[in-house]
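Notes follow once the structure below has been shown.
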Amino acid sequence: MKTACHQVALPTAPATTDLASLYAARSGPTPSTTTTREPQEVHVTLEARETQWEFAPGRTVTAWGYQGLVPGPVIVAYVGDTLVVHLKNDLPEPTVIHWHGLRLPASMDGTESVQLLVQPGETFEYRFVLPDAGTFWYHSHANETVQIERGLYGALIVLGPDEPTFDADRVLVLDDLKLDRKGRIAKTALFDRHSGREGQVLMINGRADQAFEIAAGQIERWRIVNACSARYVRLSFGGRPFRIIGADGGLRESAMTVTETLLTPGDRVEIAVGPFEDEGAEIAIESLKYRRTMMKWPRRVQWGTLRVGPRAPSVASIPATLATVVPLVPPGPATPNRIVRLGARMTFHGHDWLINDETHHHDAPVKVGELQIWNIVNETGMDHPFHLHGFFFQVIALDGVRTEPTSWEDTVNVVGKQTVTIAFRADDRPGTWMYHCHILEHHAAGMMGHFEVVR
């Protein structure tokens, strides 16, 4: 099969949120109008370097970004394309890029377990095929509590051949910025090691107080990434209903109408927003109270505003069945073949966060093709977002009560003292893989495990 080559033209201004605008700016492949399309090579240059990040009008901090942007450029490609990323490290310390949620070869996963760190002044080429449609993201996986907080992250959108039709397709990356008394990005504090770092500035796509407009009568697809270090987002639109259409691993079986949804750090959700009928209305994009730890009292916060504009015709069409999710485990009792216990212990520097009673746990190997049923047991009183590299899983039970999977995930919240049972099957991609709490400070303090997939 002939392979075309597509060079992504990177933007020089903050990344737009509208995929139609991205196409027009030639920062992604041209949308396919037919069901047949030749795979392409999509080439992207990501230079990690110091930049001046204007997160609000007149408010700037010295940060680290890809191509000088925070978030980095939105990468857009199609299922079957080969993504070729040229990383250039112009930082004063080593770095790598992890491709969060992608099913790629272990050698391309972008962690210290599978590649040498890219030293200052060096380059590295990531090259892999994109097998799944969905909303993913990329971020540093070296010195994460510093590098991600300073801005080394961005969104990656992979389009499938039969996407539902919407009036607009937006990407929203949520993050919070913690500043010190002099207005600089704050250093990690001892308390951050316990509860995780939460900032006082809430941003969508690198800017605070964002305002969006949707035409009355129209329905938009919003792809939302939680890139926060530790903040949970209980997303609401002023209590108005919206439909969840996708999760970490792409489209759900069917749309689910809700008035709120919880995004843990590392999580993604795809939602259908609208239609709204009240022209001129202003709707709060907000996070409702959620108490993930007994050490902090939560509060309701606003991320931005959605205004309902003048009415416009709609072409949106959301089918009753969006995807087929075949259960990995039949109904009935499910016997786990692995137990992953999330724990903690007090030390002279505060807390160590543990997997099976040790930091940076080395777990037993997994054989290719073997069904894995894992009990994730949270022995602490704090929620932990459990993230598995390289594979999607199904949540099949909560505290031993079976659930019916309707989506594929790579990150799941494990409430304090709760057991979550997941199931996945390792396909033929041998190598070293990682799982960890996606509260970055907990990962850094030891709540991480790795295992080998072997033939």
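What follows draws every value from the coordinates through simple rules; no lab data is involved. Please read these numbers as outputs of a predicted model, since none were measured by experiment. Note that we place each Cβ from the backbone using ideal geometry, even for glycine, and neighbour counts take in every protein chain shown.
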Mind listing the long-range amide H neighbours of GLY151? Cut-off is under 5 Å, sequence gap 5 or more, other chains count too, H placed in the peptide plane at 1.01 Å from N.
TRP64
Quickly work out the THR123-to-GLU277 label distance, labels modelled 7 Å from Cα along the C-beta direction, and quote it in nm with one decimal.
5.8
What FRET efficiency, computed as 1/(1 + (r/R0)^6) with R0 = 30 Å and r the Cβ-Cβ distance, is obtained for VAL401 and ASP162, rounded to the nearest 0.05?
0.30
Starting from the Cα gyration tensor of segment 108-226, take the square roots of the eigenvalues, sort them a ≥ b ≥ c, and report rounded, prolate or oblate (rounded when a/c is under 1.5, otherwise prolate if a/b is larger than b/c, else oblate).
oblate
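Multiply the residue separation of ILE318 and THR60 by 0.36 nm, subtract the distance between their alpha-carbon atoms, and state the gained length in nm to one decimal. Spell out each step's value before the answer.
Details: separation 258, 0.36 × 258 = 92.88 nm, distance 4.09 nm.
Separation in residues times 0.36 nm, less the Cα-Cα distance, equals 88.8 nm.
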With ASP248 itself left out, Lys, Arg at +1 and Asp, Glu at -1 over residues whose Cβ is under 9 Å from its Cβ give -2
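Would you work out if segment 347-416 is rounded, prolate or oblate? Take a ≥ b ≥ c from the square roots of the eigenvalues of the alpha-carbon gyration tensor; rounded if a/c is under 1.5, else prolate when a/b is larger than b/c, oblate otherwise.
Numbers: a/c = 2.24, a/b = 1.42, b/c = 1.58.
Oblate.
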Modelling each spin label as a point 7 Å along the Cα-to-Cβ direction, I'd like the MET256/VAL368 distance in nm, to one decimal.
3.4
Can you run phi through the Karplus equation (6.51, -1.76, 1.60; θ = phi - 60°) for segment 395-409 and list ³J(HN,Hα) in whole Hz, with x for Gly and Pro?
7, 10, 6, 10, 6, x, 8, 5, 10, 9, x, 10, 7, 10, 10
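Where in segment 300-355 are there chymotrypsin sites (Phe, Trp or Tyr not before Pro) that are in a DSSP coil and have at most 13 other Cβ atoms within 10 angstrom of their Cβ? Provide the component values of the computation, followed by the final result.
Values: sites: TRP303, PHE348, TRP353; in loops: PHE348.
Those that pass, being in a loop and sparsely packed, are PHE348.
About the Cα centre, and with charges only on the beta carbon of Lys, Arg (+1) and Asp, Glu (-1), how big is the dipole of the chain? Nearest 20 debye, please.
Numbers: 43 positive and 53 negative charges, 165 e Å.
For this selection, approximately 800 debye.
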Place +1 on the Cβ of every Lys and Arg and -1 on the Cβ of every Asp and Glu in segment 118-247, take the dipole about the Cα centre, and give the residue among GLY134, ALA247, SER236 whose Cα lies farthest towards its positive end.
SER236
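Is there a pair in LYS296/LYS367; LYS88/LYS417; LYS88/LYS296; LYS88/LYS187; LYS187/LYS289 whose C-alpha atoms are over 31 Å apart, and which pairs would that be?
Working: LYS296/LYS367 41 Å; LYS88/LYS417 43 Å; LYS88/LYS296 39 Å; LYS88/LYS187 25 Å; LYS187/LYS289 26 Å.
Listed pairs above 31 Å: LYS296/LYS367; LYS88/LYS417; LYS88/LYS296.
What does the extension gain come out to for GLU112 and ASP90, with contour length at 0.36 nm per residue minus their alpha carbon separation?
6.1 nm
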Residues whose placed amide H lies under 5 Å from that of ALA344, excluding near-sequence neighbours:
LEU354
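With +1 assigned to the C-beta of every Lys and Arg and -1 to the C-beta of every Asp and Glu, and no other charges, what is the dipole magnitude of segment 35-107 about the Cα centre in debye, to the nearest 20?
Working: 5 positive and 8 negative charges, 35 e Å.
So the dipole magnitude of segment 35-107 works out to roughly 160 debye.
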Nearest-20 debye value, segment 81-189 charge dipole, Cβ charges on Lys, Arg, Asp, Glu
580
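Per DSSP H run of n ≥ 4, the term is -39500 (n - 2.57); total these for the chain, divide by its residue number, and report the mean residue ellipticity at 222 nm rounded to 500 deg cm²/dmol.
Numbers: 4 runs with 21 residues, N = 455.
For the chain, the value works out to -1000 deg cm²/dmol.
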Is the C-alpha gyration tensor of the chain telling us rounded, prolate or oblate? Criteria: a/c under 1.5 is rounded; beyond that, a/b larger than b/c is prolate, otherwise oblate.
rounded
Multiplying the sequence separation of VAL454 and ARG291 by 0.36 nm and subtracting their Cα-Cα distance, what value in nm do you get?
54.7 nm
Checked against the positive end of the charge dipole of the chain (+1 on Cβ of Lys and Arg, -1 on Cβ of Asp and Glu, about the Cα centre), the farthest of VAL301, PRO120, ILE422 is VAL301
